[in-house]
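The values are calculated or read from the model by the stated rules, or taken from the named source; none is laboratory data. Since the structure is predicted, the reported quantities are computational estimates derived from the model, not experimental observations. Cβ sites come from the backbone with ideal geometry, for glycine too, and all protein chains shown count toward neighbours.
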Amino acid sequence: MHKTTFQSYVVFVLTFITVLATGCQQQSSPYFGTVKPRHGPKEIWINNSSEPEWLDPGRCSDSTGGEIIWNTFEGLVQAHPATLKPLPAIATHWDISDDGRVYRFYLRPSFWSDGHPLTADDFVFALRRLVDPQTGSKYASNGFIFKKGLAISRGEAAVNSLGVRALDSRTLEIELVDPLPYFLNFLSFYSFMPIPQHLFQNLQERGIDQDLWTRPEHVVCNGAFQMTDWQFRQHMTFEKNMKYWDADSVKLDRVRVAMVESSTTAMNMYVAGEFDWPGGSTSLPAEFMDHLESYKDFHRHPYLGVYFYWINTTKPPLDDPLVRRALSLAIDRDSLVKHVTRGGQIGSSDLVPDGLAGYEGLYLPVYDPAEARRLLAEAGYPTGQDLPEVTLSFNTSEGHKQVAEAIQAMWQQELGITVELENQEWKVFLANAEQMNFQISRMGWIGDYADPYTFLELLTSDCGNNHSNWSSKTYDALLEQANQHNDPEERLKILRKAEAFALAEQPLIPLYVYTRTQLIKPYVQGIWGNHQDRHPWKYMWIDESFEPGEENIESVNTPRKAIQVHK
Amino acid sequence: MKCIQVGLRSDEIDSRAGSSLWEDAWKRLQKNKLAWMSGLFLVLLGIGCCFGPAFLQVVWGYDDHTQNLAYGPQPPSLEHPFGTDFYGRDLLARVLSGARVSLSVGLLAAFVAALIGTIYGAVSGYFGGVVDSLMMRIVDILYALPYMFLVIILVTILGKSLVLLFLALGAVGWLLTARVVRGQVLSLKEQDFVLAARSLGTTNRGIIFEHLIPNTLSSVIVTFTLTVPSMILQEAFLSFLGLGVQPPQPSLGSLINDGANQMLVFWWTLVFPGGIMATMLFALNFLGDGIRDALDPRMKT
């Protein structure tokens, strides 16, 4: 009997070593994983990292939901997949008033997926709903650019007084508060998608909860794809929307979107061919960065996003700005991006990335442990042990955990502070952030348009995505003043002043500016790297003629095939 | 008795003078090489876990939580026999400290399980009848509950503390011991020494704790040695899910989880914690097997 157990032990050890040895084997292929699609030529399998919080354009505020909305709805304008320049979409052309405040959009004749005609009223309905306090959208602030948007959101004006009007069924007039230079770029954002008003009436008549309108059995959309199946935490299936105005240029018939949170699992599924593209919102595991570098299907491009930690400024001891600044200065950001995230990110203590639309970064110190200790002592905690334990929350993902563990150790080693880590599922995490049920909470903010305002707006008092509870009249006034300026140079200067003012109080701790690293199967065409990480599925297609060894692979930065854009 | 001793040599007298069950078992265990070596390995591992991290700190200046990011993941070398992890921490120190957590969770949880299980089983078996039926139905119900879910719920409610983790694991791990002890007590209580004790006026409590439980100890010990590895696995599983020990404190489960994510690029982060874990579990099982064989009188050769 003992002999057998001993033999089984030997067998086990040998198997263990063999498995490991096969795992460690260097791959001779220039591609990471399989190079033949495991499905038909009109289909693509991608990942969207987690169960989205909302698929409702009026309520969504996270990138996992945004990815779906962008591909199932179409707004007045769409972003060019490579340059993000505004292109005509539902609007064929538009007029702009001389003062830059009034836009008149002329809509093409188009239909919802149920055959109902799409009218300018659907846009009016959607945008009113966005700012309506009854909707309770975290992204209502996107509607503050429209005249009366802020007042309506505060409940001080009637919803129908919004500066968005349907002149007739195919003409829409939008009146802005300020002549925003980035307005047309911003207009392709998912918050501004039309919403099928007739579906809401229909659901109401049938006595069905209107919040369920985005479920696959009810949803009516006007974008390139339509959801046909939603398996909770498993996957969603999308089919081509035949009623889409530009259906002729949509090459795929079906898109399968999985929800795999773990970046390692997503990468392994990519290797096995379960994913053709692990998706826009899935990052690659940091450990593999150096290894992946040599593969041809690995791509890297700049990304307009900032990774930071929100601080709940209402709970002691973090209600003291000195403590918050000490925490920020104790983080060695250069080391963090070089050794932990490893994807070429740029360590930064600024909220607005340097060089964004001509903006000059603040270049706040990225690491100063001596000053951090001094600030902490000044706040009344000469040694960090006196500081009550703080909790750092993040949503489940190895990448976030790695950053959190590194920072936990930095705070422990530099300041002697004990930090507890807590990981939460994405929806729970967002709910806790919204209810201010945290002390320090991880967040990433992707610019909605190429202007510093998209980041600075986060700290305004009326912004639903401001989870710090920090607010300042001075700051709000500075931003308002900036947007009323006609001189772009002067405007940026005021914005810069506002950023410096806010960061002196440190309601959040910026860590680094993102880069996007991704794996794309060599037979997938029509994905371009852009700084907002928007990847419309309508341009994607499977290149059946691809053979491994073919060297003219399309890079995300230099597209091989020209984009055909219908105007 | 005296007449038997006449004419025997002194060494024979010793062997006849009656060796206790424990002495016999100890002798048999010594003959079982695999069990004996497993025991030695476990003792060495135990010493390594207790003093290793402190030793490494004093001699080399490593501990299990100080990060040195620039010293990234490094393969094993003379300086770091197990290499370093993603944050530049010495993996040997982390594996030892993780094994300490795993071993102590295993031992403590198994102890809690044995304690609850023995008392529960003895009471149930001794009183019999309605009490027995009722108590055993409770055990059946607990058996029917998905064990891991129960632990996960307990951990979620009680919070992620290490001590609570021991208790949560032990508190749901006593079912097997309870059944084994009950079975033994059922047959033991019919024997004459219990009758004798009762006629001498010993209380129920006295009979259970002084007469019945000591007689079931051999099977309790066997169950205990086999519960320890299963508890270690449970803890590793919980830590793997992120519900066990919290960073920066390592445990073998969390080390293996980290290692499994990086095994294609940094093989040593999986091989060493995994190897130690596997060897430890094998050793515990061999030792448990050995003790069971040693304590079983029918195995006498």
A:Ser281 more than 14 Å from chain B (Cβ to nearest Cβ), surrounded by 24 or more Cβ atoms within 10 Å (Cβ to Cβ) and in contact (Cβ under 8 Å) with a residue 24 or more places away in the chain: no
Number of positions in the stretch A:313-334 that are of a type in the set (S, T, N, Q) and free of Cβ contacts under 8 Å to residues at least 24 places away in the same chain: 0
The stretch A:154-181: number of residues that are in contact (Cβ under 8 Å) with a residue 60 or more places away in the chain and either surrounded by 23 or more Cβ atoms within 10 Å (Cβ to Cβ) or among the acidic types (Asp, Glu) (or both): 5
Every pair of residues 6+ apart whose Cβ atoms lie under 7 Å, when the first sits in the stretch B:243-264 and is among the hydroxyl-bearing types (Ser, Thr, Tyr) while the second is surrounded by 24 or more Cβ atoms within 10 Å (Cβ to Cβ) and not in a helix (DSSP H, G or I): B:Ser251/B:Gly244; B:Ser254/B:Gly244
Wholly within the stretch A:361-437, helices (runs of 4 or more DSSP H) carrying at least 2 residues that are under 17 Å from A:Ile311 (Cα atoms), touching a residue at least 12 places away in the same chain (Cβ under 8 Å) and within 14 Å of another protein chain (Cβ to nearest Cβ): A:398-415
Test result for B:Gly159, within 14 Å of chain A (Cβ to nearest Cβ), surrounded by fewer than 19 Cβ atoms within 10 Å (Cβ to Cβ), under 25 Å from B:Met231 (Cα atoms) and not basic (Lys, Arg): yes
Only listed residue being in contact with a strand residue (DSSP E or B) (Cβ under 6 Å, 6 or more places away or on another chain), more than 30 Å from A:Phe298 (Cα to Cα) and of a type in the set (Gly, Ala, Ser), chosen from A:Ser393, A:Ser348: A:Ser393
Residue among B:Gly253, B:Gly288 that alone is surrounded by fewer than 22 Cβ atoms within 10 Å (Cβ to Cβ) and either more than 10 Å from chain A (Cβ to nearest Cβ) or not hydroxyl-bearing (Ser, Thr, Tyr) (or both): B:Gly288
Filter result (touching a Leu at 6+ places or on another chain (Cβ under 9 Å), aliphatic (A, V, I, L, M) and part of a strand (DSSP E or B)) within the stretch A:171-205: A:Leu172, A:Ile174
Residue ID - nearest to A:Phe189 (Cα to Cα), chosen from residues in the stretch A:77-94 that are surrounded by 20 or more Cβ atoms within 10 Å (Cβ to Cβ) and among the small types (Gly, Ala, Ser): A:Ala79
The stretch B:168-189, residues that are surrounded by fewer than 24 Cβ atoms within 10 Å (Cβ to Cβ), of a type in the set (A, V, I, L, M, F, W, C), over 18 Å from B:Leu226 (Cβ atoms) and modelled with pLDDT of 85 or more: B:Leu186, B:Leu188
Residue within the stretch B:205-223 that is more than 28 Å from B:Val43 (Cβ to Cβ) and within 12 Å of another protein chain (Cβ to nearest Cβ) present: no
Qualifying positions in the stretch B:68-112 - within 14 Å of chain A (Cβ to nearest Cβ), crowded, with 17+ Cβ neighbours inside 10 Å and assigned to a loop (DSSP other than H, G, I, E, B): B:Gly72, B:Pro73, B:Gly83, B:Asp85, B:Phe86, B:Tyr87, B:Gly88, B:Arg89
